[in-house]
Number of protein chains: 2
Amino acid sequence: MKPPNRIHHINFLVRDLDAAIRLYEDSMGLAPFVEIDHAVRGSRIARSKIGETWFVLICPYDDTSVPGRHLKEHGEGFFLLSLGVDDLDEHLRQLEEAERGDIRQGILDWTVADAGMHFGASLQFTDERSD
Amino acid sequence: MKPPNRIHHINFLVRDLDAAIRLYEDSMGLAPFVEIDHAVRGSRIARSKIGETWFVLICPYDDTSVPGRHLKEHGEGFFLLSLGVDDLDEHLRQLEEAERGDIRQGILDWTVADAGMHFGASLQFTDERSD
């Protein structure tokens, strides 16, 4: 099996998106964030690229959404690690034992498949499709 | 300030290193892990590279060490995100408000400086030095 090619994105839940953006830009030196409304997940999102990886802040406004429920139960912090693969269908076909969620549309052109929570970390796979 | 150049490493705490390695190699398709004893942090460590990022599993055997205490208090899962910078001294000089730990030796040739916990995520900066 061809290993994942990069960490595609890493998501953190925050309660105050503006404050988090200020912290990561001003105090950590990250490149300027771009904000996106991701209605299907009931969240405002901001992302900044670090090398080949998107650093993503998720601020749920719908507390019945998946991120909203996670924030309520676990508080702010790490939410999900998504591994980039060349071909999501092919990668999922080759996995034998992992939990495998349906392929679904992520933010913008990201196509994702959830792979369950293992050792305390939610994992996911992502590819980017132009179609 | 020049933004961090990559996510240098991301660390997860686990209780059973062998089981975690098997999961991530066999079910997630990560490249083979290399195991390291990191006595100064009281932990066995295994790392596998995903693109430009080290995916690091930390399994503490000393429960008074920093990772050991974190595992006892918070359980398995996300522990730390370390951002790669070209020059750690220069990057720290330019940060104005972040908490700034002392520069210390990480695993092998990694030189690190802890930058505190913000919005639920422990952050750190890393560079790699040959001297």
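The values are calculated or read from the model by the stated rules, or taken from the named source; none is laboratory data. Predicted model, so just to flag it, every value in this text is computed and none were measured. Cβ coordinates were reconstructed from backbone atoms using ideal geometry, including for glycine residues, and neighbour counts include every protein chain displayed. For accessibility, only protein heavy atoms count, side chains too; no ligands or nucleic acids. Shrake-Rupley method; radii C 1.70, N 1.55, O 1.52, S 1.80 Å.
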**Asked** Which of the residues spanning region A:102-122 are crowded, with 18+ Cβ neighbours inside 10 Å, in a strand (DSSP E or B) and not hydrophobic (A, V, I, L, M, F, W, C)?
**Response** A:Asp114, A:His118, A:Ser122
**Hits in region B:77-86 - residues which are open to solvent by less than 70 Å² (accessible area, probe 1.4 Å) and more than 17 Å from B:Phe119 (Cβ to Cβ)** = B:Gly84, B:Val85
**Message:** Can you find a residue that is at pLDDT 95 or above, within 15 Å of B:Leu108 (Cα to Cα) and basic (Lys, Arg) anywhere in region B:27-42?
**Reply:** no
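Looking at this structure, is A:His38 of a type outside the set (Val, Ile, Thr) and more than 11 Å from every other protein chain (Cβ to nearest Cβ)?
yes
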**Residues of region B:1-33 classified as in a loop (DSSP other than H, G, I, E, B) and either open to solvent by less than 10 Å² (accessible area, probe 1.4 Å) or touching a residue at least 24 places away in the same chain (Cβ under 8 Å) (or both), total** = 11
**Message:** I'd like the residue in region A:34-62 that is assigned to a loop (DSSP other than H, G, I, E, B) and more than 19 Å from B:Phe125 (Cβ to Cβ) and, out of all such residues, is least open to solvent (accessible area, probe 1.4 Å).
**Reply:** A:Gly42
**Message:** When you check B:Ser65 against the structure, is it open to solvent by less than 30 Å² (accessible area, probe 1.4 Å) and within 10 Å of chain A (Cβ to nearest Cβ), yes or no?
**Reply:** no
**Asked** Which residue, of A:His70, A:His91, A:His74, is at the interface with chain B (Cβ under 9 Å from one of its Cβ atoms) and open to solvent by 30 Å² or more (accessible area, probe 1.4 Å)?
**Response** A:His74
**Asked** Name the pairs: first residue in region B:91-106 and modelled with pLDDT of 80 or more, second residue in a loop (DSSP other than H, G, I, E, B) and surrounded by 14 or more Cβ atoms within 10 Å (Cβ to Cβ), Cβ to Cβ under 8 Å, at least 6 apart or on different chains?
**Response** B:His91/A:Gly29; B:His91/B:Met1; B:His91/B:Pro4; B:His91/B:Val85; B:Leu92/B:Arg100
